[in-house]
Amino acid sequence: MRRKLAAGNWKMNGLGAGLGELEELAQAHGDPAVDVLICPPATLLSRAADSVSNSTINVGGQDCHTGQSGAHTGDISAEMLRDAGATAVILGHSERREDHGESDELVRSKARTAIEASLTAVICVGESLAEREAANTLDIIGGQLAGSIPDIVTGENLVVAYEPIWAIGTGKVPTLEQIGEVHDFIRARLEKRFGAGVGRSVRILYGGSVKPGNAAEIFGVSNVDGALVGGASLKAADFSPIISALEAA
Ligand code: 13P
């Protein structure tokens, strides 16, 4: 059975003063029945790891370089994330793909490096509104999966996050049927490529405007193993009920 995962992506939000939210979360969910992962900005990573050290909550990065070290000003390696306390790293988020022109090939290379540094790679895929309206969603997702996931994955070190770009930060959420269609498709592609054993143990998260009010119904959809949450992960008061909804699912 796949253990469910509630993951928070703080994006470029959060200062030291905000770590109280994490402490509150760790107190409320010291030993949750699901995995909980918070990905703060890199500047907060080691302090965030300290804040949750008395709980089973994990912290992760939001990106890493393809290399292990070297002359890459401003970049962060997977090994550095691990050293700062991360157990996972988000890769290929649509904001990185758009803001930094990241290709599937680059994401695959980063994921390989991350996994070799003993991090779980949370690889994001998702279609734009134009792609959905042109009925190209599954083709786009299929291409991103084939291109972004390295061959070396196991059921434990890969998480796939389906994040339709048009649902991120917009308050718009696909219908439950649309979410189910994509998640079933991702599961089938994973099983086809990696075999049933690995394919069935990879967690598939939904991301895009997940809130306390819609989490429970989304968690009821087949092959939804949790969520990757942006805005509603910043405050314990918002993220805590999402964790509870996943525990109850
Ligand atoms: P929102 O939950 O703010 O829509 O963001 C989703 C997301 O991009 C998580 O990675």
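Any read-out appearing in this document is the output of simple, stated calculations on the displayed coordinates, not a laboratory observation. These numbers were taken from a predicted model, which means no experiment stands behind them. Methodologically, a virtual Cβ is constructed for each residue, glycine included, from the backbone with ideal geometry; neighbour enumeration extends over all protein chains shown.
If Lys and Arg each add +1 and Asp and Glu each add -1, what is the summed charge of the other residues whose beta carbon sits under 13 Å from the beta carbon of Ala188?
Residues close to Ala188 contribute a combined charge of +2.
Under the rule a/c < 1.5 gives rounded, and otherwise a/b versus b/c splits prolate from oblate, where does region 147-196 land using the Cα gyration tensor?
prolate
Work out, in µm²/s and without decimals, the Stokes-Einstein translational diffusion coefficient of region 167-236 at 10 °C, 1.306 mPa s, Rh from Kirkwood over C-alpha pairs.
Estimated diffusion coefficient is 125 µm²/s.
Under 13 Å from the Cβ of Ser51, count the other residues' Cβ atoms, weight Lys and Arg +1, Asp and Glu -1, and hand me the total.
For residues surrounding Ser51, the net value is -3.
Quick one: putting +1 on the C-beta of Lys and Arg, -1 on the C-beta of Asp and Glu, what dipole do you get for region 15-98 around its Cα centre, in Debye to the nearest 20?
That gives a dipole near 180 debye.
What are the semi-axes of the equivalent ellipsoid of region 28-174, taken as the square roots of 5 times the eigenvalues of the Cα gyration tensor, listed largest first and rounded to whole Å?
Each semi-axis is √(5λ); the values are 26, 19, 14 Å.
Mind pulling up the Rg/Rh value for the chain? Radius of gyration and Kirkwood radius, both on Cα.
0.93
In whole Å, what is the distance between the alpha-carbon centres of region 1-52 and region 200-243?
About 14 Å separates the Cα centre of region 1-52 from the one of region 200-243.
How would region 1-48 be classified by its alpha-carbon gyration tensor: rounded, prolate or oblate, with rounded meaning a/c under 1.5 and the a/b versus b/c comparison settling the rest?
Oblate is the answer for region 1-48, as a/c is 1.5 or above yet b/c matches or exceeds a/b.
Convex hull over the alpha-carbon atoms of region 199-249: what's its volume per residue in Å³?
73 Å³
Which of rounded, prolate or oblate describes region 117-249 when judged by the alpha-carbon gyration tensor and an a/c cut-off of 1.5?
It is oblate, given that a/c is not under 1.5 and a/b is not larger than b/c.
Pick out which of Leu119, Leu15, Leu138 has the largest mean-square fluctuation in a Gaussian network model of the chain, springs linking Cα atoms closer than 10 Å.
Result: Leu15 has the largest fluctuation of those listed.
Could you size up the charge dipole of the chain around its Cα centre, putting +1 on the beta carbon of Lys and Arg and -1 on that of Asp and Glu, and report it in debye to the nearest 20?
Dipole of the chain, to the nearest 20 debye: 320 debye.
Please state the relative contact order of the chain as a whole percent: Cα pairs under 8 Å, 6+ residues apart?
For the chain, the relative contact order is 21 percent.
So what does log10 I(q)/I(0) come out to for region 114-173 at q = 0.25, 0.28, 0.29 Å⁻¹, using the Debye formula with one equal point on every Cα and no solvent?
Rounded to two decimals, the profile gives -0.99, -1.11, -1.16.
Hey, which lysines would be in cross-link range of Lys11, C-alpha to C-alpha under 16 Å, not counting anything within fewer than 8 residues on its own chain?
Excluding near neighbours in sequence, the set is Lys235.
Send over the Kirkwood Rh of region 73-145, from the inverse of the averaged 1/r over different Cα pairs, rounded to one decimal Å.
13.2 Å
With helices defined as uninterrupted DSSP H runs, which ones in the chain have an alpha carbon span along their own long axis of at least 20 Å and mean Kyte-Doolittle hydropathy of at least 0.5?
Long hydrophobic helices here: none detected.
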